[in-house]
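The values are calculated or read from the model by the stated rules, or taken from the named source; none is laboratory data. As the structure is a prediction and not an experimental result, all values here were calculated from the model. Note that we place each Cβ from the backbone using ideal geometry, even for glycine, and neighbour counts take in every protein chain shown. When the accessible area is computed, the model is the full protein with side chains, heavy atoms only, and any ligands, DNA or RNA have been set aside. Shrake-Rupley method; radii C 1.70, N 1.55, O 1.52, S 1.80 Å.
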Amino acid sequence: MAANIFEAEPIEGKKKRFLTAAFPYPNSPQHIGHARTYSVTDAYARYLRHLGYNVLFPMAFHVTGTPIIAMAQRIAEGDKSVIDVLMNIYGIPKEKLPELTDPKKLVMYFSQEVEQGMKEMGFSIDWRRKFYTFDPHFNKFIEWQFHKLKEAGLLVKGSHPVAWSLKLNSAMGSHDTKGDVDPEIEEVVAIKFPYKDGFLLATTYRPETLFGLTNMWINPEGKYLKIRDKESGEIYYISKGTLDNFSAQRDVDVLEELDGNAIIEGGQCKNPANGEEVPIFPATFVDVESGTGVVMSVPAHAPFDYVALRDLGKEGLAKKIINVPGYDIPAKDIVEKMHITNQQDPKLEQATKRVYKDENMKGKMLVWKEGMPVKEAKEAVKEWLINDGKALRYYIIANGPVYSRAGDKIVVKLVKDQWFITYGNKEWKEKAYQCLEGMKTIPPEIKQELKNTVDWLDRKACTRSRGLGTKFPFDEGQMIESLSDSTIYPAFYTISHLIKDFSPEELTVEFFDYVLLGKGEPINDKHAVLRKSFDYWYPVDSRHSGPDLIRNHLTFYIMNHVAIFPREKWPRQIVINGFVLMDGKKMSKSLGNILPLRKAIKEHGADIIRFSVVSGSDLLQDTNFNRPLVEGIKQRLAFFDDMLKKSSGNGDSFADKWIRESVKAKLSTLRDEIERLDLREISKKWFYDFYYELKWYNDVKNGKIELDDVFDKWLIVLEPLLPFFVADKKGENAVFEPLPEADTYDEATIAAMGVVRDLYSDIANLQRMVEQKSGKKPSNIKIIVPAAWKYRLFERLKAEKGNLKAVYTDESLAQHKEEIMRITKALKNKLYSIPSLPTRDLFEKALEESKAVLATLGSVSVISEEECQHEKAKASLPLKPAVVLE
RNA sequence: GCAGGGGUCGCCAAGCCUGGUCAACGGCGCUGGACUUAAGAUCCAGUCCCGAGUGGGUUCGUGGGUUCAAAUCCCACCCCCUGCACCA
């Protein structure tokens, strides 16, 4: 396909459509799943061109952030699984690998691979506009975005907990960890229990149970530390194994190392909630690697504590402070019910979960604020303790231990001077709701999901300590995080090919203010052209992506647009498509079922891949790619090809008219289907259904194909789905031919042939049944054309929606009352929904013309009900003509 | 916990918004046939139950309800899946 026919520029007075699909992240080659979003967008772009729009469809590469760096590192380290995928699945030669250890070279290599694949797929992209998010021009654009956010007061600085490797001195995402585990950060509360010269520090998920405290637990065999918080000067006792995590959040000096036993023997400590003295007991279940290695004991509400205390013979201490319907003393009840005998019993985990859940759902406080639901008390106690200086806010890795690829245990670091975008801002959200209100989503149900996401969106960290991309303009040591630099980037497409005429230094805030907001004056003519280009193409008319981006990227996309641009530049439409499955399973390297896109194209051809990923299922559903599907498409395509080649001229037999009317019927709903982007429906009607219609037509006409005009229209309709096939038949200019106009069509003609087709399969079925039972196949077929008055009857029934009284006002029918009673009784409630019928005349024509096909079943004769004596004749109906077999 | 999605004839999966043409599209699997030396591929037919006549019966997670009519609308219940961020 010629490279430049999809280069789009503003055309005065021509309506435009600007489509974008989420840009790819080239940290590996693309597989067939990546092709779906672009295939859908491309089909849409092509339909819009057929509808007369000036269409812009660009693409670029997203290279921001750390995964590309991580990928290069893995290759450098010789990571087996990564190299296996690259070499064995994507067929990358071994010699190439050393080059890919350089992130930038890796980006160039994979992005070229991706680009090549997209070109082979025939996507109608304006390639001049391609860019990378680490390009200096783009960096300037992103800087502008952040200036705008700051001006609007939407950037703030604060501290923020992140997963962190001390060894690598770097933040950890899931791709940085061993086994690709996503480290989950959880906020807990670390309560300060006055002890000797300082505090025993114990973490808990359940601060509200503090009032039921009976003692503390220390692991007698564990190592503990006495430390001093540099900021407050306070002294804490925690386990040695948790120091790394603690010191990543607070500056401390280590003063002394102690054995667990020494702590236990050191005396009592106090409950900060009420000043009560409580003892310290030894317990082996205490994990010195998690939390702070110190545990508070609430035996009435924690099964572990209850069992450990029972082992010491002190279970009588248990103090009930929460009332839960169905329990007396919850921990005691459940331990006894589950027959838990000692601290090592694995059932204790289960018991803890149950108690936790029941208390959280149904529990009410008996002390402190009596009657308060546990759910509220938990938060209230926590805030009270922290605000009163009785506890610390503390973060832990909830799914720990998680290890970095360097092998050290990941901790939670409290990063100071962290910048945030304040998505929690109420007025901002209000604008986002307004944008959603005026926006169309396909499918419609995703709008609610976008709304929900806007609802719970809060502040988001927008900088990171490392990664590719754009430097944060207000702190050059930080990089802008990757979801934050891909929000308003579609705006950059409108100018990306023109902006190269300027040097990055020229791209000041004022420069973009003029181009993107129309503020100020142009510095020169070229500058003015940029403004015009943006103003012509923006806003984005349709944004396409996968369902995984709804809760993050797409919501940020909306938020940033409404924050920065005036209302008329806000997004107009969002389209979501599902993933591609391989033989019903998700593609994954562990299953080894990844089909690289370029390999698939080589094997089956681009049209087949395009068609299989867009036609197979509803837009939002995952679609299944497998061999039978591909074979089915290929086989049908070959049949169409054959028909097209055979066709010559335009016939005017009944069958020709029938196909023509049927195509018109399909056309009548096509524009609506395009509007809904219901490519599945379009494929079904124009490819699968049409296939069977053509086959029947071919049989009826005995191979004489005269459908030039029909095929001409058909090819245009299929062009967006099968561009190569169509270009081959009609030339490349088919891309810009207008979509055939919708027209009225004749339902009766379609129905007439429908009745004959049904009749054919009914007769075949009957013959089979008779043959099975009697061993003889009846080959004399008498088709009885229903009496004229029956057609009249059905017409009236249809018009009157089954109201018989109205039908009887017709005198010509009233005389058949008795028979009508019998017919309608058999039809029962189908009376209310008579489908469109042929006239008797049309039916006879269809029958006459299809005789040759029917004759393949036996010797056929046609006789009208009026002149037939056979008793079966009475049963003949317009939609089910009677048949006599002998 | 909060939010969203879903349970359809062996499997996958349409239909449900807009009730009737729905025994319910399509594909896989299975059965039979054609083709072939044979296998594969392909093509044709069948695939809930009953039936020597285009028909009848019972089905769409479970139980109710609305309606002339419910897979489709309403209510209740049971079960399953996904997301919860600072990461692309």
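Things to note:
- A search for C-beta distances below 7 Å between a residue of the stretch A:349-369 that is part of a helix (DSSP H, G or I) and any residue that is open to solvent by less than 40 Å² (accessible area, probe 1.4 Å) and within 16 Å of RNA strand B (Cβ to nearest atom), counting only pairs 6+ apart in sequence or on different chains, returns A:358/A:324; A:359/A:324; A:359/A:374; A:360/A:374; A:362/A:324.
- Matching residues in the stretch A:229-253 - criterion: being in contact with a Phe, Trp or Tyr (Cβ under 8 Å, 6 or more places away or on another chain) and under 16 Å from residue A:197 (Cβ atoms): A:229, A:234, A:235, A:236, A:237, A:238, A:252
- Residues satisfying the stated conditions in the stretch A:626-649, i.e. more than 11 Å from RNA strand B (Cβ to nearest atom) and either within 22 Å of residue A:677 (Cα to Cα) or not in a helix (DSSP H, G or I) (or both): A:647, A:648, A:649
- Test for residue A:662: is it among the polar types (S, T, N, Q), touching a helix residue (DSSP H, G or I) at 6+ places or on another chain (Cβ under 6 Å) and either within 16 Å of RNA strand B (Cβ to nearest atom) or touching a residue at least 12 places away in the same chain (Cβ under 8 Å) (or both): yes
- Residue within the stretch A:806-825 that is surrounded by fewer than 16 Cβ atoms within 10 Å (Cβ to Cβ) and either touching a strand residue (DSSP E or B) at 6+ places or on another chain (Cβ under 7 Å) or β-branched (Val, Ile, Thr) (or both) present: yes
- The residue of the stretch A:857-886 that is farthest from residue A:789 (Cα to Cα), among those that are of a type in the set (S, T, N, Q) and touching a residue at least 60 places away in the same chain (Cβ under 8 Å), is A:859.
- Residue satisfying all of: in the stretch A:672-691; surrounded by fewer than 16 Cβ atoms within 10 Å (Cβ to Cβ) and touching a helix residue (DSSP H, G or I) at 6+ places or on another chain (Cβ under 9 Å); nearest to residue A:615 (Cα to Cα) among these: A:684
- Residue in the stretch A:563-576 that is within 12 Å of RNA strand B (Cβ to nearest atom) and surrounded by fewer than 22 Cβ atoms within 10 Å (Cβ to Cβ) present: no
- Consider the stretch A:17-37 and keep the residues that are open to solvent by less than 10 Å² (accessible area, probe 1.4 Å) and within 16 Å of RNA strand B (Cβ to nearest atom). The one that is nearest to residue A:97 (Cα to Cα) is A:29.
- Among the candidates A:396, A:421, residue that is touching a residue at least 60 places away in the same chain (Cβ under 8 Å), within 12 Å of RNA strand B (Cβ to nearest atom) and assigned to a strand (DSSP E or B): A:421
- Among the residues of the stretch A:168-188, none qualifies, meaning not one is surrounded by 23 or more Cβ atoms within 10 Å (Cβ to Cβ) and away from RNA strand B (no atom under 14 Å from the Cβ).
- Every residue from the stretch A:424-433 that is of a type outside the set (Asp, Glu) and either open to solvent by 90 Å² or more (accessible area, probe 1.4 Å) or touching a residue at least 24 places away in the same chain (Cβ under 8 Å) (or both): A:424, A:425, A:426, A:428, A:429, A:431, A:432
- Residue among A:692, A:688 that alone is without any contact (Cβ under 8 Å) to a residue 24 or more places away in the chain and either within 29 Å of residue A:851 (Cβ to Cβ) or not in a loop (DSSP other than H, G, I, E, B) (or both): A:692
- Taking the conditions (1) within 15 Å of RNA strand B (Cβ to nearest atom); (2) farther than 19 Å from residue A:767 by Cα; (3) open to solvent by 70 Å² or more (accessible area, probe 1.4 Å) in turn, residue A:845 satisfies each one other than (1).
- Subset tally (residues that are near RNA strand B (Cβ under 10 Å from one of its atoms) and open to solvent by less than 10 Å² (accessible area, probe 1.4 Å)) for the stretch A:434-443: 0
- Checking A:697, A:691 one by one, the residue that is of a type outside the set (A, V, I, L, M, F, W, C) and away from RNA strand B (no atom under 12 Å from the Cβ) is A:697 and no other.
- Taking strands (runs of 3 or more DSSP E) as the structural unit, those lying wholly within the stretch A:195-250 and holding at least 2 residues that are closer than 23 Å to residue A:273 by Cα and within 48 Å of the chain's Cα centre (by Cα) correspond to A:198-204, A:215-218, A:235-239.
- Selection count, the stretch A:765-796, where residues are farther than 18 Å from residue A:873 by Cα, within 7 Å of RNA strand B (Cβ to nearest atom) and of a type outside the set (D, E, K, R): 4
- Residue A:150 vs. criteria part of a loop (DSSP other than H, G, I, E, B) and among the basic types (Lys, Arg): no
- Meets criteria (more than 8 Å from RNA strand B (Cβ to nearest atom), of a type outside the set (Lys, Arg) and buried (at least 18 other Cβ atoms within 10 Å of the Cβ)) for residue A:867: no
- In the set (1) more than 30 Å from residue A:416 (Cβ to Cβ); (2) touching a residue at least 60 places away in the same chain (Cβ under 8 Å), the condition left unmet by residue A:248 is number (1).
- The combined condition, being surrounded by 19 or more Cβ atoms within 10 Å (Cβ to Cβ) and under 23 Å from residue A:177 (Cα atoms), is fulfilled by residue A:404.
- Within the stretch A:713-766, considering residues that are under 21 Å from residue A:664 (Cα atoms) and among the small types (Gly, Ala, Ser), the one surrounded by the most Cβ atoms within 10 Å (Cβ to Cβ): A:752
- Test: residue in the stretch A:702-709 that is surrounded by 20 or more Cβ atoms within 10 Å (Cβ to Cβ) and part of a helix (DSSP H, G or I): no
- Of the helices (runs of 4 or more DSSP H) contained entirely in the stretch A:736-835, those carrying at least 3 residues that are hydrophobic (A, V, I, L, M, F, W, C) fall at A:747-774, A:788-799, A:804-808, A:817-827.
- Checking each residue of the stretch A:590-608 against the condition of being away from RNA strand B (no atom under 12 Å from the Cβ) and within 22 Å of residue A:554 (Cβ to Cβ) gives no match.
- Among the conditions (1) within 13 Å of RNA strand B (Cβ to nearest atom); (2) in contact with a Lys or Arg (Cβ under 8 Å, 6 or more places away or on another chain); (3) of a type in the set (Gly, Ala, Ser), the only one that residue A:122 does not satisfy is (1).
- Within the stretch A:584-619, being among the basic types (Lys, Arg) and touching a residue at least 40 places away in the same chain (Cβ under 8 Å) holds for A:589, A:598, A:599, A:610.
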